[in-house]
Every structure is written in structure tokens, then in C-alpha cells.
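The structure appears right after this line, and notes come after that.
The values are calculated or read from the model by the stated rules, or taken from the named source; none is laboratory data. Please read these numbers as outputs of a predicted model, since none were measured by experiment. Backbone-built Cβ (ideal geometry, glycine too); neighbour counts: all protein chains shown.
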Amino acid sequence: LSVLEFAVETLQVKHIIVCGHYGCGGIRRAFEPPDGGGLVDHWLAPVREMCRRCAPDLARLPTEAARMDRACELNVELQLRRVAATPIVRSAWQRQQSVTVHGWIYGLGDGLLRDLGLKLSSLDDAESLDRENEYAGLAEPITMVRRHAEEAFAGLTMLEPPLLEEG
Ligand SMILES: [Zn+2]
């Protein structure tokens, strides 16, 4: 029984917060070449793929720090989509259970928690985010890498565990 399953099905939480943070070492590492195919690289594969896909947009940002910050925000969106795509959240929405997945990010530098304005409350919301991303060239194709990553994620669930808040 996963934390997510327990929270949604047993506790019936109404809000799931996917919270990333700026200055994330995992994101920094995703910009470097994989170094041996260990579990961490396996785990970072979808993040690496996202960084690769977003590289043209990131390249427009003026500094390395701004690129890293943006990548940390994009990772929140990626992880939010992963949570929204789980059978746990999808079936909650199918049975009209009220649950909203939010994307937040924490600044270690200033101690501020920011709401990225990403909020999914229904299957329709999740689908419209997917459409937006397809339009922006962000949709993930089903590749072997992704399939492997999904298998790994099925056990690990998240790059960082979501904070679950009952409200
Ligand atoms: Zn981190």
C-alpha cells in the first residue's frame, strides 16, 4: 500500500501537494551525462528527458542559475503529471472524489514556498495539461527508457515524496 493510495483511498485527503525545491541536486545531476547507469540514473531518466526537451527554452534564460531554477519548476510539473496519471488519482476522479493535486516549490535560499499555479482537480484538467504540453513539445513518448523509468517509479513513486495535506 503506497502513501498515495492510503492518503487518497483511506484518509480521503482533498489536497495533494507536489513540492519541489530550487537548488535541487537531482535536477543539477540530470543535466550531466549519466555515469554508469545505476539506480539514480535510472530514476533520473524522465527528468533528463524533460531537460533535453526543454533545452531550447532553457537556453533563452540569461544565467545558469535561472536555467536551473526553471528546470526545478518544470520538474514539479513533470512530477505533478505523474501523480495525476496514477490509477489511484485517476480512479478517485472517476468516482467524483474531490481531490486536487497542486504544484509548489520551496526556495532553500529565501525560505519561501511558492505556488506554481499548477492545479489539477479532474480528469479534464489532467487532459488539458497534457494537450498543452503536447503543444509545447513536452509530451513524453512511450520509449523503453520511459517504460523502465515507470517501473522504477512504481516502486519509488516520486523523485521526492509528495507532502500530503488533509484539508
Ligand atoms: Zn532535490
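Some points to look at:
- The residues of the stretch 86-106 that are charged (D, E, K, R) and not in a helix (DSSP H, G or I) amount to a single one, ARG95.
- Qualifying residue in the stretch 60-78 (condition: assigned to a helix (DSSP H, G or I), out of contact with any strand residue (DSSP E or B) (no Cβ under 9 Å at 6 or more places or on another chain), within 25 Å of GLN97 (Cα to Cα) and within 16 Å of the ligand (Cβ to nearest atom)): yes
- The residue of the stretch 1-21 that is nearest to GLY109 (Cα to Cα), among those that are within 15 Å of the ligand (Cβ to nearest atom) and out of contact with any Lys or Arg (no Cβ under 9 Å at 6 or more places or on another chain), is HIS21.
- Sub-7 Å Cβ pairs linking a first residue in the stretch 10-32 that is of a type in the set (A, V, I, L, M) to a second residue that is near the ligand (Cβ under 10 Å from one of its atoms), at least 6 apart or interchain, are ILE27/CYS72; ILE27/ASN75, ordered by first then second residue.
- Looking only at the stretch 13-32, and only at residues there that are in a loop (DSSP other than H, G, I, E, B) and charged (D, E, K, R), the one that is modelled with the lowest pLDDT: GLU32
- GLU64 satisfies every condition listed in (1) buried (at least 20 other Cβ atoms within 10 Å of the Cβ); (2) over 22 Å from PHE6 (Cα atoms) except (1).
- Candidates ASP41, ASP57, filtered to the one that is within 20 Å of LEU80 (Cβ to Cβ), among the charged types (D, E, K, R) and free of Cβ contacts under 8 Å to residues at least 40 places away in the same chain: ASP57
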